[in-house]
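Here is the structure we will look at.
The values are calculated or read from the model by the stated rules, or taken from the named source; none is laboratory data. Here the structure is a predicted model, which is why all the values come from computation and not from measurement. Backbone-built Cβ (ideal geometry, glycine too); neighbour counts: all protein chains shown. In case anyone asks, the SASA skips ligands and DNA or RNA and just uses the protein heavy atoms, side chains included. Shrake-Rupley method; radii C 1.70, N 1.55, O 1.52, S 1.80 Å.
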Amino acid sequence: MPALRIGLLAFPAMTQLDLTGPLQVFASLPDADVRVLWKTLDPIRTQGGLRLLPDTTLDDCPHLDVICVPGGPGVADLMDDEVVLSFLRVRAGQARFVGSICTGALILGAAGLLRGRKATTHWAWTDLLVPFGAIPTLGRVVRDGKFFSGGGVTAGIDFALTMVAELAGRDAAEVIQLGIEYAPAPPFDAGHPDTARPALVASARARMAAIRTEREARVNAAAARLF
């Protein structure tokens, strides 16, 4: 029997790096059984076209010590998906740790799991945590009790390493970090609105405007069902 069983939710139109970054870290943890979860075992087309193959259905999923939820455009549909939301409510109650990466936090919020909890998500959507009763908190990784949340996309690796340190100790996390040569040195200091040039931030926000209108409406509808 594995020492730890870790489940990562996959779904159509998800951002694959939200899942594959943390998966690479968790899969490097000795004796960990890492599962990719979805309703079926059919291939999933992610944002950008990469196809992922789940290995465990929600119905057949064993006990999980850790459950993690990535983000991406498909989050909008999952906020209305009672099968997924019910699964997360039940498994969150049983798991040692529960986590989200990027806008996966909105799915946890729609499940009612972030009420009164500190959480983070991608910088462009942080305020959308408020309707779910969460407390938006700056940080690449934010922890509130057994709930961990990571910022946008690449923060998923920081998220997973932080969680591994809690699960197996700092030495184990650092060995994994060294093994995957995670030593970020980006060519530009433009990864966050606090450091990017204002014109770039304005351009990014403009590109997200239409998506934001739709996503905000879905968030408000999901929140209304909770309260």
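Put the Cα centre of region 149-203 next to the Cα centre of region 92-123 and the gap is 18 Å.
The mean accessible area for residues of region 38-191, using a 1.4 Å probe and ignoring ligands and nucleic acids, is 44 Å² per residue. Quick one: in the chain, what % of C-alpha pairs are over 26 Å apart? Every Cα pair in the chain considered, those over 26 Å come to 32 percent.
Relative contact order for the chain: 18 percent, from Cα pairs under 8 Å spaced at least 6 residues apart, divided by residue count.
For region 9-82, calculate the relative contact order in percent as a whole number, restricting contacts to Cα pairs under 8 Å that are 6 or more residues apart.
This gives 40 percent for region 9-82.
If contacts are Cα pairs under 8 angstrom and at least 6 residues apart, what is the relative contact order of region 44-174 in percent?
19
Across all Cα atoms of region 5-49, the radius of gyration (one decimal) and Dmax (whole number) stand at 11.0, 32 Å.
Short to long, the 5 Å bins of the Cα pair-distance histogram for region 1-115 hold 2, 13, 24, 27, 21, 9, 3, 0 percent of all pairs.
Measuring max minus min along each principal axis, the C-alpha atoms of region 104-203 give extents of 39, 37, 16 Å (largest first).
Based on DSSP H segments of at least four residues, each scored -39500 (n - 2.57), the chain has a per-residue ellipticity at 222 nm of -12500 deg cm²/dmol. In this simple spin-label approximation, D144 and R170 carry label points 7 Å from Cα along the Cα→Cβ vector, and these lie 2.7 nm apart. Of the solvent-accessible surface of the chain, computed with a 1.4 Å probe over protein heavy atoms with every protein chain present, carbon and sulfur atoms account for 56 percent.
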